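Laboratory data are not the source of any read-out in this text; all were calculated from the coordinates shown. The shown structure was predicted, so the numbers you read here are calculated from the model rather than taken from an experiment. Please note: Cβ atoms are built from the backbone with ideal geometry, for glycine as well, and neighbour counts cover all protein chains shown.
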Amino acid sequence: MKTKILAVTVVVLAVLGFAATGCSVTSHATKASTLGTVRSGDDLKKSLSASDGSTFVELETVASADWAVTRAGLINLKHPNAVAAGLTDGDEPIIIPFHVIKHPTKGTFIVDTGVETAMRTDPSKSALSGLVRSAMGMEKVKVKQSLGEWLAAGNTLDGIFLTHLHADHIMGLPDVPNSTPVYSGPGEASATGFMNIFVHGTTDREFEGKDAINEWAFQKDPTGTFDGVLDLFGDGSVWALWVPGHTPGSTAYLVNTRSGPVLLTGDACHTRWGWEHHVEPGTFTGDGPRSVISFEKLQQFVAANPAIQVRFGHQL
Ligand SMILES: [Zn+2]
């Protein structure tokens, strides 16, 4: 009898394993973005000082919610710099932000989405499943300004630029009109992995009713500054930078604002401590070695262009 139970268990695990490796982040449709012009890392560098200010955009970061998550997920605690500093695991206070870009002629765009209003009024009515809310420790979320509340205050929105498709970066989407175009890095939706079994339904609900996700059409950056570089409006004001590792399509954004260039790293670097101590993200990251390469590219880019201000995925 024990042998039979063991055999059935093996079969069930094999089927589950197959389902796991074949499960994508979302079954929502995708298409190649027509927004964005392929440029090189050298073009990007020139844009940092080239503009006369006429096309400079405004950038505001909104801390949509306060939250706390395990430090080991945010920072690689096994990195020699983390060990030397005696950094230990525990709750790290973070924010769930969205960044507002106001372009003088193209309109208003946000990078990532903060949280939806239901997270304040009734989280059980949010797009997040109960399982995902519990696994992510969402009871620790304190909503400050949901995306819906920001829109209700009279703000308009012409498009959403996502850094990646993790739940805490797309959970404001249900508050957005379905006609608003959404952009993300390539291969985000189709990426497969075991954890997707739990988040697939949630991710589908976040995008419910929306048009296909526009995937950035990156091409290899010949300078190697980043994996790919796109000039989103063709005027050097806002750039998408391909920084795979945390997820396959992870994208950082460089915004040339009136007060200088600002880099939005997304989760290529979650925390200020990690950035300042040269320690890459921890266990929340899918491909650790690949994330180290992208993290170092971001650090080298800012070291060579020190006028750049940096805002991290979950801290300012
Ligand atoms: Zn993430």
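For this structure, a couple of remarks:
- Interchain or long-range residues, amide H under 5 Å from residue 33's placed H: 215, 216, 217
- Between the amide H of residue 187 and any residue lying 5 or more places away or on another chain, no distance stays under 5 Å, with hydrogens modeled in the peptide plane.
- Multiplying the residue separation of residue 61 and residue 192 by 0.36 nm and subtracting their alpha-carbon distance yields 44.1 nm.
- Computed about the Cα centre, the dipole magnitude for the range 62-141 is approximately 240 debye when only Lys and Arg (+1) and Asp and Glu (-1) carry charge, each at its Cβ.
- Rounded to 10°, Cα long-axis angle of helix 196-206 versus longest principal axis of the chain: 50
- Placing unit charges on the Cβ atoms only, positive for Lys and Arg and negative for Asp and Glu, gives the chain a dipole magnitude near 540 debye about its Cα centre.
- Proximal aspartates and glutamates relative to residue 106, as straight alpha-carbon distance under 17 Å, when same-chain residues fewer than 8 apart are discounted: 58, 60, 158, 231, 235
- Using C-alpha pairs under 8 Å with a sequence gap of at least 6, the mean separation divided by the residue count of the chain gives a relative contact order of 24 percent.
- Label-reachable residues, the range 120-138, where backbone N falls under 13 Å from a point 7 Å from residue 200's Cα toward its Cβ: none
- Full-extension gain in nm, residue 278 to residue 68, via 0.36 nm per residue minus C-alpha separation: 73.4 nm
- Furthest towards positive pole of dipole, 59, 248, 87, structure part the chain, Cβ charges: 87
- For the residue pairs 102/144; 46/220; 102/140, the alpha carbons lie more than 25 Å apart in 102/140.
- Extension reserve of the residue 42-residue 309 stretch, reckoned as 0.36 nm per residue once the Cα distance is removed: 94.2 nm
- The smallest convex shape that holds all Cα atoms of the range 31-311, its convex hull, gives 122 Å³ per residue.
- For the chain, the 222 nm mean residue ellipticity estimated from helices alone, with every DSSP H stretch of n ≥ 4 adding -39500 (n - 2.57) and the total spread over all residues, rounds to -8000 deg cm²/dmol.
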